[in-house]
Amino acid sequence: MLKKFEIHGVHAKVDDQLKTYVTKKIGGLDRYISRHSRESAHVDVHLKEAKAKQKNNRYTCEVTVHLPHQVIVIKESTLNMYAAVDIVEAKLKQQLQKYKDLHGSGRLHRHLMARFRRHQPEL
């Protein structure tokens, strides 16, 4: 679980059930962040409800993840707050996987290359 995790409601009441749901979905994505980045990662979740005149895409979920070398912002609007959280979770999972591949430690690559060199026949 991420240490710094904030949930804010804008024109919407965030009850305990919604807070638990968001914490479970978004907070569980820490496994997609490398270990050294987890300590300084900070997540802000903004749950917004639009005015009554706008019937389509009434609820918006915006997640901002502050990482050491990058800030990831994902925003989604739907008819249901829980659906918005689910879509944001899927998008955020992909972005965090890209971040981990780009800023990973590289130990796996070095380990595989060393193994490849050991088993390579000499000429």
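The values are calculated or read from the model by the stated rules, or taken from the named source; none is laboratory data. Remember, predicted model here, so these are calculated numbers, not experimental data. Note that we place each Cβ from the backbone using ideal geometry, even for glycine, and neighbour counts take in every protein chain shown.
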inquiry  = Please go through region 1-31 and give me each residue that is surrounded by fewer than 16 Cβ atoms within 10 Å (Cβ to Cβ) and aromatic (Phe, Trp, Tyr), ordered by number.
reply    = TYR21
remark   = Of the residues in region 1-35 that are in a strand (DSSP E or B) and over 20 Å from VAL71 (Cα atoms), the one that is modelled with the highest pLDDT is GLY9
note = Residue hits (region 21-80; closer than 20 Å to LYS98 by Cβ and basic (Lys, Arg)) are LYS25, ARG31, ARG35, ARG38, LYS75
task = Inspect all residues belonging to region 42-49 and state whether any of them is farther than 19 Å from GLY9 by Cα and at pLDDT 90 or above.
result = no
ask   = Is there any pair linking a residue in region 77-94 that is over 17 Å from VAL65 (Cα atoms) to one that is at pLDDT 95 or above and surrounded by 19 or more Cβ atoms within 10 Å (Cβ to Cβ), with Cβ under 8 Å and at least six apart or on different chains, and which?
value = none
ask   = Conditions: (1) exposed (fewer than 15 other Cβ atoms within 10 Å of the Cβ); (2) at pLDDT 90 or above. GLU122 meets all but one. Number of the miss?
value = (2)
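Which strands (runs of 3 or more DSSP E) does region 36-82 wholly contain that include 2 or more residues that are touching a strand residue (DSSP E or B) at 6+ places or on another chain (Cβ under 9 Å) and among the polar types (S, T, N, Q)?
In region 36-82, 59-66, 71-78 are the strands (runs of 3 or more DSSP E) which contain 2 or more residues that are touching a strand residue (DSSP E or B) at 6+ places or on another chain (Cβ under 9 Å) and among the polar types (S, T, N, Q).
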